[in-house]
Amino acid sequence: MPPDPATVRISGPWTHRDVSANGIRLHVAEAGDGPLVLLLHSFPEFWWTWRHQLIGLADAGFRAVAVDLRGYGDSDKPPRGYDGWTLAGDVAGLVRALGERRASLVGHGWGGLLAWTVGAMHSRVVESVAVLNAPHPLALRRAVWRHPRSQGKAFRPVFAAQLPLMPERRLTKNSAAAVERIMRSWAGPKWTVAPEFDEVVRRNREAMLVPGVVHCSLEYFRWAMRSQLRGDGRRFAAMVDRRLPVPVLRLHGALDPVMVESTVRESAIWTGPRSRYEVLAEVGHFPHQEAPHTTTRILAGFLGAGRG
C-alpha cells in the first residue's frame, strides 16, 4: 500500500497545520516567533528538508515556516498549476494567509528558482530572498543552451522528464530507489557517509511514494522546458527579467553537479541592494543538510542584517 500523505507530518519541535492559499490547501510546519521566514524545498524532497533551519532560525528569533509545495507531501495535488505563475501565486498567497504582509524567502534548488520568481512578480510581499544552489531562472535557461558540456549536461534530468509516464515509473520503481541514486549522486561525498543520510533517503523515498507526488513533482520539470516554446514562457521570462528590489543571498555548494557554480555567478545582474554571495567548500547540492549549522548561521546573519 502507498503511504498515507499524513506520514510526512513528522513529529518534532514544530507545529503542523493546513493553510488555504491561492485556492489550494498547503501543509506547513512552523516554529518560533518573530519576522516570517518561508522555507521552500526542492526535488526530490518535502518540507522536512528544512528541519535543521526550522529549529535554528526559531532560536535566532524568527518565525520559520517550511511548506510542502503544491503537489508534494501533504499539500493538495491538483492536476494543474505547476507553472511559474501559479506557483509564485501560491507562495505570495501563503504569506498573506499566514497573517503577514511580508516574508523573507529561503529556497533551495527548484524552491530557489521559485523564490527568485516571487521576488520579481510579488515584490510587495518579499522582505529578502536567500537561494541555496539556485541560479536565477533566466541565468539557468541561458546556461543550459550556451554551456551544453557543463550546465546543459547537468540538466539532463529535466529533458528526461518530458516523456510521458516513463519518468514516473522509473522514480517509483523498487520503492522509489531512484530517489536514493539521485540524492547520492547530487550530494557531496562527506554527507553520503554521514549517520543521518540513510534516514534522509528513507524519508524522501516514502514521500515520493505518496499518491500523486511523483507525477506532480515532474510537472515542474515539464512546464520549465515546454514553456520556452510557448507564449506563456516568453511572458514569464519578461516578468522575471528585472533586478530584485530586495537583498539576495546566494549560497552555493562548490561540489554541486546539478546547478553549476558559473551559472549561479551569472545571476548577479538580478540581485538587489546589499546582496551577498558565498560558496561552501566540500558541499554538494544540499547545503542546508550537508552543512546545516553553517548554513543556518549564514542565513540568520543575512536575515538579521535586514532587521537592523
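General remarks:
- For TRP116, the requirement of being part of a helix (DSSP H, G or I), of a type in the set (Phe, Trp, Tyr) and under 14 Å from SER42 (Cβ atoms) is met.
- The range 247-273, subset part of a loop (DSSP other than H, G, I, E, B) and of a type in the set (Gly, Ala, Ser), residue surrounded by the most Cβ atoms within 10 Å (Cβ to Cβ): GLY272
- Unmet criterion (only one of (1) within 24 Å of LEU218 (Cβ to Cβ); (2) open to solvent by 20 Å² or more (accessible area, probe 1.4 Å); (3) not in a loop (DSSP other than H, G, I, E, B)) for ASP90: (2)
- Odd one out for SER20, checked against (1) hydroxyl-bearing (Ser, Thr, Tyr); (2) under 20 Å from HIS285 (Cβ atoms); (3) part of a strand (DSSP E or B): (2)
- Residue within the range 1-12 that is of a type in the set (Ser, Thr, Tyr), open to solvent by less than 40 Å² (accessible area, probe 1.4 Å) and part of a loop (DSSP other than H, G, I, E, B) present: no
- The residue pairs whose first member lies in the range 124-139 and is charged (D, E, K, R), whose second member is in a strand (DSSP E or B) and open to solvent by 10 Å² or more (accessible area, probe 1.4 Å), and whose beta carbons are closer than 6 Å, counting only pairs six or more residues apart or on different chains, are GLU127/SER104.
- Residue pairs whose Cβ atoms lie under 8 Å apart, separated by 6 or more positions or on different chains, with the first residue in the range 273-284 and within 13 Å of GLY188 (Cα to Cα) and the second among the small types (Gly, Ala, Ser) and outside any loop (DSSP other than H, G, I, E, B), are LEU280/GLY253; VAL283/GLY253; GLY284/GLY253.
- Output for the range 26-71, where each listed residue is touching a residue at least 60 places away in the same chain (Cβ under 8 Å), within 21 Å of VAL126 (Cβ to Cβ), open to solvent by 10 Å² or more (accessible area, probe 1.4 Å) and in contact with a helix residue (DSSP H, G or I) (Cβ under 6 Å, 6 or more places away or on another chain): ALA60, ARG70
- Leading residue by the ranking (farthest from GLY109 (Cα to Cα)) among those in the range 42-83 that are within 12 Å of the chain's Cα centre (by Cα) and polar (S, T, N, Q): THR49
The values are calculated or read from the model by the stated rules, or taken from the named source; none is laboratory data. Everything quoted here is computed from the prediction, not taken from an experiment. Here Cβ is always computed from backbone atoms with ideal geometry, including for glycine, and neighbour counts include all displayed protein chains. Heavy atoms of the whole protein, side chains included, go into the accessibility calculation; ligands, DNA and RNA do not. Shrake-Rupley method; radii C 1.70, N 1.55, O 1.52, S 1.80 Å.
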